[in-house]
1. Somewhere in region B:61-74, is a residue more than 13 Å from chain A (Cβ to nearest Cβ), of a type outside the set (A, V, I, L, M), in a helix (DSSP H, G or I) and under 29 Å from B:Glu148 (Cα atoms)?
2. Looking only at region A:221-231, count how many residues are exposed (fewer than 15 other Cβ atoms within 10 Å of the Cβ) and outside any strand (DSSP E or B).
3. Tell me which residues, restricted to region B:224-243, are under 13 Å from B:Ala31 (Cα atoms) and part of a helix (DSSP H, G or I).
4. How many residues are under 17 Å from A:Cys288 (Cα atoms) and assigned to a loop (DSSP other than H, G, I, E, B) if we restrict to region A:249-273?
5. Looking only at region A:111-135, filter to residues that are out of contact with any Pro (no Cβ under 8 Å at 6 or more places or on another chain) and within 15 Å of A:Glu179 (Cβ to Cβ); which one of those is surrounded by the fewest Cβ atoms within 10 Å (Cβ to Cβ)?
6. Could you please find all residues in region B:19-60 being among the aliphatic types (A, V, I, L, M) and within 9 Å of another protein chain (Cβ to nearest Cβ)?
7. On the basis of being within 14 Å of chain B (Cβ to nearest Cβ), at negative phi and either in contact with a Cys (Cβ under 8 Å, 6 or more places away or on another chain) or modelled with pLDDT of 85 or more (or both), does A:Val216 make the cut?
8. In region B:82-131, what residues are part of a loop (DSSP other than H, G, I, E, B) and either within 14 Å of another protein chain (Cβ to nearest Cβ) or of a type in the set (Lys, Arg) (or both)?
Amino acid sequence: MWFILKKLRSAIVRTSSRNMVIALVAVALIIVLGGLAFAAYDGVSWPTGMYWAVTTATTVGYGDVVPKTPTGRVIAVSVMLTAIPLMGYVFAEIAALTVESRMRRWLGLRSVMHLQKAVIVLGSASWVPELLGALSAHDSAVVVLSTTSPSLSWEHVHWVQGDPNEPSQYAALPLATAEAVVLGLDSDADNLLAAIGLRHLFPDLVILSMPESERVAQALRDLGVAVHVARDPLLAHVLAKSLDAPHAGKLLFRLLLHDQYRIEEEPVPANWVGQDFARARKTADGVCLGLIQDQEVYLGLDEDPKVAQGAMMLQLIRNQESTKKPDPRGKKE
Amino acid sequence: MPIDDSTWSVSGVRVAITGGSEGLGWAMARALAEAGAKVWIGSRHLEKVERALGQRHSQDWELAGGTLDVTQSESIEQWLSAMIGRYRGIDVLVNNAGLGMRTVNPHFFEDPMPFWQVSESGFRKVIETNLTGYFLTAQAVVPRFLAEGRGRIINITMNHATMRRRGFSPYGPSRAGAESLSHIMAEDLKEEGISVNMLLPGGATDTGMIPESVNEEFRRTLLPAQIMGPPIRFLCSQAAAGLTDERIVAVDFEDWLSRRN
C-alpha cells in the first residue's frame, strides 16, 4: 500500500499540471462541439444535445437520449473515443493531486511543527551523521535544520532545509515542545551565536553542545547551555591518560557505549542525606559511579562530601534492570 | 545434503550492505536480519530504503539504513558514520551496489549492443558504481577494521561467462575489474586479520537487473534472489573465520561446503 502511494507521488511530481489543463479544455470542446453536432444531425434541441454529450463523456450513458441516424452514431462514437479517455485522465489527475496533498501532510513534508518532544539538531558538523545514527536507535523524533540534506533517513528523522545560522529559520522548527536542541554548527562561534538566539527566543529550552574550546564552553554555560565537556580538552586528556593507562579511553567508551548497560542520573536514597558519600555508596544497588551536587561531580575518592538534600547519583545500570526509562534497545537483549 | 545453518550464528554481527534495498542486496539483508544480525542498508534513493524497511517481517529485526551514493566518498563517510552511531561499529561490509546492463541498453537480452555503440557516459557510470564504488566503500571501511584488528569484506560478483558475454559492455568489464580488485584487497589485507571474499549467485537472478520484457519461459529459469541467504549467513558467521580470497557460488554452495568439510 505504502509502495503504491509512493509510486503515485513520484508520478505526480513528474506530471505537469499544464497537461491537465490542456485535457480539461479538450474535453470541454469535445462536449460542446459533439453536443451541438449531435443536436443538429439527430434532430434534438441543443440543451438535450449537451446533456447527451455529458452523459456520454462521463460514461454514465442513461440511454434516455440515443443516436437514431447513422451520422448521429458516428458523432456518438467520436465523442466516446476522444472524451472518455481524456475524462479518465483528468479524474485520475485530480485524485492523484488529492492523494499528494494528503501524502505531504502524512510525510510531514510541509511542516514538522506537530512533532512533540523532538530532538532538534542545528547544522551538519562532521559528527552529525553519527549522532543521527545513534538517535535513530531511539523512538523520539529528530529534526535536522541544515542547508544540505543529511543524506540519511529513518522514519523518525525529518529534514528542514534552511540556514541554521539564521534565527529566522527557527520558526519552522517545533522548538516550543522540543526535548532538546543540539548545536551542530561548523564552528564554536556559530554555535555560540545560535545559542544566544535560541536562549532569547526560548528561555527554558534544553540546549546541548560540545564546543571545541574551554572558553566557549564557559560562555555557553553562562547562557545556560548544557556543556558537559569541551571537545579539545577531552581529547587531549584522553590521549595523555592513555600514556599511563592505555585502556583508559576504552574504559570511557565502554561505560558510555555498552549495549547492555548505561549510565543514569537518579536521586540519592533518602537515608544517604547527611552521610559521607564514600560510606553511603557502599549500600547502593549496582555500581554508583559518583555524586552530583552543587553542579559538581564527586567520585568520592579523595574528596568525600556529605550527601546533601536533592543530590543525584550517577548509576551504572544494566538495561533490563531499569524500571524508569526502558531503553528501546533493551527489548531485544 | 541440507544445509545446517544452526551452527552459523550471526546474532549481533553488524553488517553494512551497499545497494541493500532491493535485488540481491535486499535478499541478503533479509536473510541476515532474520538470523539476528544488525543490518545497515544503503541505496541512492531514500524511497527505496524506506520501502525496504517497510517490508520488515518483524519489528524485532535490527534493520536500518540511509541514502548512499557509492560513487561519492562523502556520502559513503556519512552513511558509515550513521551506522557507527547506531550500531557502534561495523563487522562486515558487503559491497553489492551495482548498475546492470539495463542502464546502458534496456534490451540487452534480445538486442545486444556492441561496445562501439555504448555511450561514454553509460560506460563511465557503470564502471564508477560497480568498480570505483567497491573501491571507495572498502577504502572508507578498512581503516576502521585495521583499528579493530579484524573485519570482513564480501564483494558480490558475477559468473565469468557474464564478464565475456557479447554485448555485455560495460557490465562485464566492471565486474571483472571488481573481481581483480577483490583478489588484490585480500592479498593486501592478508596479514591484518581482515578477510575479503567473493560471493555470486551463479546464474541470472530474478532481480531488477533483468528487463521486464523477457519472456515467461526465460523468467522461469532465473535463480531466486533468496539463494544468497545461506552463503551470506555463512560468510558473516564464526564458521567462516580465517577464510579469505574465496569465490563462493551460491548455487554450488552446498557442494562447496561438503568439499570443504
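The values are calculated or read from the model by the stated rules, or taken from the named source; none is laboratory data. In this text, all values refer to a predicted model and were calculated from it rather than measured experimentally. Every residue, glycine among them, receives a Cβ derived from its backbone with ideal geometry; neighbour counts consider all protein chains shown.
1. Looking through region B:61-74, none of the residues is more than 13 Å from chain A (Cβ to nearest Cβ), of a type outside the set (A, V, I, L, M), in a helix (DSSP H, G or I) and under 29 Å from B:Glu148 (Cα atoms).
2. So the count comes out to 4.
3. Passing the criteria: B:Ala225, B:Gln226, B:Ile227, B:Met228, B:Gly229, B:Pro230, B:Pro231, B:Ile232, B:Arg233, B:Phe234, B:Leu235, B:Cys236.
4. Of the residues in that region, 5 qualify.
5. A:Lys117
6. Matches in region B:19-60: B:Leu46, B:Val49, B:Leu53.
7. no
8. Correct list: B:Arg88, B:Gly89, B:Ile90, B:Asp91.
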